[in-house]
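Visitor: Sharing a structure below in structure tokens format, with a few things to ask.
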Amino acid sequence: MPRMIELIRQSAVPANMMRTAARGALAVPADEMIEILVFLTSHPIFGEQAKMTLASWDEKSTIAVASNPATPWEVLEYLVVPENRRPKLVPALLENPAVREVHLQDMAQTASRELVDMMLASPRVRESKDILHALGTNQHLSDHEVAALKAALATLGEEPGEILASTGEESGGKTQYEIEHAAEIAAEEGKAFELVGSILEDDELIAAAAEAGIAPTAAPSAPMSEEEKNLKMRAAEAKSRERVSTLQKISRLSVGERVQLAMKGSKDERFILIRDGSKVVSSAVLQSPKLSDAEVENFAGMKNVQESVLRDIARGRKFMKQYSVIRSLVNNPRCPLDIGLTLMNHLLVNDLKALSMNKNVPETLRKMGLKKFKEKAASPGK
């Protein structure tokens, strides 16, 4: 018999059971219940209740989950991020080898005084050069503690000197993403710059709309004069020239430089780089701290991006908290069928109806959308 978490992932349980799950009241082991709750935190309907339940979950069983190397990575990542982190869980998370070191580096840089003390006492922290470097940048450290960190680094073979963070930007300007994906970036270096689809597609639509005397998204309320048409044409041409200029600049960059630009560049640059033929570059766009919710929604609906971009969005917990992103992914003809079928279960009734009539998506998805629409329309509680 499938585990309850598998049934919930497949939306194979009724709505009343989902509500019970979000309250943490299912008759399953504590570790599975926590896994179910973490999964439900990204649910558009039951997410908030699941978050509140997790925040007040029994401390003893949560510590057991946080310290278990067999705990699913999604659960550990949920517990370790700042917005969900409970101080009593930190010692267990620090020593759990399944918790990725990058999360501990992030924690080290911004930890409170209480957490700094926990990290200084952690055997794992004291055996990691990268975490020690990151901890050395924490504003709560005393001079004595900084000196102790330098001594600890010396025992690990580091030359005495200034402590530099391994997260964020280092002296060489590298981001944590670049550090983690250094091998992939090196493997891609030297390859010619290629773009998925045409970068001018949107500009051509804008120019054509302006030439016809209409706005690209809606018809004007009144006929435009020749002067207004000319102004719109000039604006569209200027936008097109600007994007071509940006594209020309990007085309001269190496893979490593494009990764940096993806993390630190402008909205227009991200719009181009999300279509980069190099996966390590397009993935970097989704890790940019400057990325907005509106951009992610736009990317989720793009037909000229690599499949890996859509999969990365679907895997991103923070992205899946936006219902509009889920809807855009499901209705994107380029979205992998397995993702579309999974996310379809989160759609509201009206959007399921629209999906069932969308001739651009695979027939299987349309048929399943129609089936789910009929089920939800016939049963208001679902």
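Visitor: Where in the stretch 90-136 are there helices (runs of 4 or more DSSP H), lying wholly inside it, with at least 3 residues that are surrounded by fewer than 16 Cβ atoms within 10 Å (Cβ to Cβ)?
Guide: 113-120
Visitor: Check off (1) of a type outside the set (A, V, I, L, M); (2) surrounded by fewer than 19 Cβ atoms within 10 Å (Cβ to Cβ); (3) closer than 22 Å to residue 343 by Cβ for residue 69 and give me the number that stays unchecked.
Guide: Status for residue 69: all satisfied but (3).
Visitor: If you take just the helices (runs of 4 or more DSSP H) that sit entirely in the stretch 296-359, which of them hold at least 3 residues that are under 17 Å from the mean Cα position of the chain (by Cα) and over 20 Å from residue 10 (Cα atoms)?
Guide: Fully inside the stretch 296-359 and qualifying: 307-315.
Visitor: Let me ask something else. Only one residue in 83, 48, 95 is at pLDDT 95 or above and either of a type in the set (D, E, K, R) or at positive phi (or both), so which one is that?
Guide: Step by step, each of 83, 48, 95 is checked, and only 95 is at pLDDT 95 or above and either of a type in the set (D, E, K, R) or at positive phi (or both).
Visitor: Please find, within the stretch 1-44, the residue that is farthest from the chain's Cα centre (by Cα) out of those that are among the β-branched types (Val, Ile, Thr) and not in a loop (DSSP other than H, G, I, E, B).
Guide: 20
Visitor: Among (1) surrounded by fewer than 17 Cβ atoms within 10 Å (Cβ to Cβ); (2) touching a Lys or Arg at 6+ places or on another chain (Cβ under 9 Å), where does residue 309 come up short?
Guide: The single condition residue 309 does not satisfy is (1).
Visitor: Residue pairs, Cβ under 6 Å, 6 or more apart or interchain, first in the stretch 140-154 and free of Cβ contacts under 8 Å to residues at least 60 places away in the same chain, second open to solvent by 50 Å² or more (accessible area, probe 1.4 Å) and assigned to a helix (DSSP H, G or I). List them.
Guide: If the second residue must be open to solvent by 50 Å² or more (accessible area, probe 1.4 Å) and assigned to a helix (DSSP H, G or I), the pairs left are 140/113; 152/126.
Visitor: When the residues of the stretch 24-82 are narrowed to those that are in contact with a His (Cβ under 9 Å, 6 or more places away or on another chain) and of a type in the set (Val, Ile, Thr), which ends up nearest to residue 316 (Cα to Cα)?
Guide: The selected residue is 81.
The values are calculated or read from the model by the stated rules, or taken from the named source; none is laboratory data. Being a predicted model, the structure only gives us computed values, none of them experimental. As a convention, Cβ positions derive from the backbone with ideal geometry for all residues, glycine included, and neighbour counts pool all protein chains shown. Note: areas computed on protein heavy atoms with side chains; ligands, DNA, RNA excluded. Shrake-Rupley method; radii C 1.70, N 1.55, O 1.52, S 1.80 Å.
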